[in-house]
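A short write-up of the structure that comes next.
The values are calculated or read from the model by the stated rules, or taken from the named source; none is laboratory data. What you see is a predicted model; the values in this text were computed from it and never measured. Reconstructed Cβ throughout: ideal geometry from the backbone, glycine too, with neighbour counts over all protein chains shown. Accessible surface is based on the protein model in full, side chains and every heavy atom, while ligands, DNA and RNA are left aside. Shrake-Rupley method; radii C 1.70, N 1.55, O 1.52, S 1.80 Å.
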Amino acid sequence: MTDMPDTHELPNEMPARFDAATLLALRHNPPRMGLWAMEVRGEMFDARTLLRPTPVFAGPPGPAVLRRDEFVALEAWPEPDAWQPGDRVMIPVESTDEASARRYVAWLLALAEREANAPTAASPHLGPCAVAPFSSDAAGTHRLWAISAARLALPASIRVEARHDLIGIRLAQVALGFGADTLAGPVSADRHLPVAGVTRPDETSITGLRNLIEQAGLECALHEDTASRALETGRQTVRIELSSLDLPARDPKK
């Protein structure tokens, strides 16, 4: 891949379609990338944000895929044509590797083109496909850029996950303001105070993660392959239906 200049000037208005140079230039303008990424995710999903539990496993040193709740380490980034319905792909994008950022952008655009020509079939049982970018180094702004770039480049058929086990719980919440439409990761059980039975949620419990979504000014849509259950919050117990069917995307023309 040939190098692209870092001096690409961003347009004043959000482009209808993002090219590689513009996505890369957004690394140097976090306010603009957050604003545009949230505008795009708002057109796709309104304030609805998926909460998707994942199995517990060691953080991947390289690319990996969660396929039917099975963790599979990959030798290379998956080719766009290799995706299967319900795949949730984890992609490492290191801040210290300039070539990795350029390759990541090219990969996103190739995946978007493939989806435009031959969309991955939706799976009512497994849920939508998703991308979860991460990096091993503690580079918060870079991680936010990787999430924003994915939301700006990809169609609504591929969700963008902020994985709290891969990027940290605090940054995962911040990522909800930079285009992430899904908060994902292992979920812990709610704790209760003795006798009173009042919920004292861990941040990684369903109640705690839902609170993080709501604190970001968004709405939580639970996404599990189980029957209905009671969701306990600090205020009340609400009967909810948990379904692996995603909410329909909003038509921006309406």
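Structural remarks
- Applying 1/(1 + (r/R0)^6) with R0 = 22 Å to the Cβ-Cβ distance of Met14 and Ala118 gives a FRET efficiency near 0.25.
- Counted residue by residue at 0.36 nm each, then reduced by the alpha carbon distance between them, the extension gain from Asp137 to Arg67 reaches 22.6 nm.
- Peptide ranges 203-211, 92-100 listed from the most packed, as the mean C-beta count within 10 angstrom indicates: 203-211, 92-100
- About its Cα centre, the stretch 36-171 has a charge dipole of approximately 340 debye under the convention of +1 per Lys or Arg Cβ and -1 per Asp or Glu Cβ, with nothing else charged.
- The stretch 1-108: trypsin sites (Lys or Arg not before Pro) in DSSP loop, at most 16 other beta carbons within 10 Å: Arg17, Arg68
- Rounded to the nearest 0.05, the FRET efficiency derived from the C-beta distance between Gln84 and Ala58 at R0 = 25 Å is 0.65.
- Modelled spin labels at Ser100 and Leu74, positioned 7 Å past Cα toward Cβ, are 1.5 nm from each other.
- Accessible area of the stretch 39-177 belonging to carbon and sulfur atoms, whole % at 1.4 Å probe: 55 percent
- Relative contact order [Cα under 8 Å, 6+ residues apart], the stretch 101-184, whole percent: 29 percent
- Accessible area in square angstrom per residue, the stretch 1-129, 1.4 angstrom probe: 52 Å²
- Mean separation of Cα contacts under 8 Å, 6 or more apart, over the residue count of the stretch 1-121: relative contact order %: 21 percent
- The label point for Asp46 and the one for Arg32, both projected 7 Å from the Cα toward the Cβ, are 3.2 nm apart.
- Residue order for His28, His164 - accessible surface, 1.4 angstrom probe, largest first: His28, His164
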